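Undergrad: One structure follows; several queries about it will come next.
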Amino acid sequence: MKSTTQPLKDGIVKIYEVKNIALPGDMPKDGLTIKATLRYDERTVGVTRYRLALQDQEKIELMIRVPRLSFVSAQDIAIPNDGKQYKIVQKQHPSETSPPMMDLSLERVDADYELE
């Protein structure tokens, strides 16, 4: 199988973890803590993927390809060049890429988290 080198030409995405950012003694408050900053290539959200996500009450609005990192998870938040916050709904590892990559399916969050 021939591997494809990825150009990652569409921008930079920041990956955040949702954590309690309240000061000690204050009420817990969810906010974002940076995990990684990565270059990305925007992918097409296919009709089949879009419809399958709708069946699970998810709306995939953006799909990006980034370098593979084991610590990025479906509980994380991604903020690409558009500045909007997206929940990572699905993480896939295509086998034909060099270096190893992952595709992230993203859904817009209802309410933005506060950045730490």
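The values are calculated or read from the model by the stated rules, or taken from the named source; none is laboratory data. Predicted, not measured: the structure shown is a model, and the values here were computed from it. Please note: Cβ atoms are built from the backbone with ideal geometry, for glycine as well, and neighbour counts cover all protein chains shown. Areas reflect the complete protein model, heavy atoms only, side chains present, ligands, DNA and RNA absent. Shrake-Rupley method; radii C 1.70, N 1.55, O 1.52, S 1.80 Å.
Undergrad: Grab the beta carbon distance between residue 71 and residue 111, set R0 = 25 Å, and tell me the FRET efficiency rounded to 0.05. Let's see the in-between values first.
TA: Details: r = 25 Å, r/R0 = 1.00.
It comes to 0.50.
Undergrad: At R0 = 25 Å, how high is the FRET efficiency between residue 29 and residue 59 if r is their beta carbon distance? Nearest 0.05 is fine.
TA: Details: r = 26 Å, r/R0 = 1.05.
Result of the calculation: an efficiency of 0.40.
Undergrad: Suppose the chain between residue 37 and residue 9 were pulled fully straight at 0.36 nm per residue; how much longer would it get relative to their current alpha carbon spacing? All intermediate terms of the calculation are to be shown ahead of the outcome.
TA: Values: separation 28, 0.36 × 28 = 10.08 nm, distance 1.42 nm.
Using 0.36 nm per residue and subtracting the Cα-Cα distance, I get 8.7 nm.
Undergrad: How much accessible surface area, in Å² rounded to 10, belongs to the heavy atoms of residue 98 with a 1.4 Å probe?
TA: 50 Å²
Undergrad: For the pair residue 18/residue 81, report the inter-label distance in nm, with labels modelled 7 Å from Cα in the Cβ direction.
TA: With each label point 7 Å from Cα toward Cβ, the separation is 2.7 nm.
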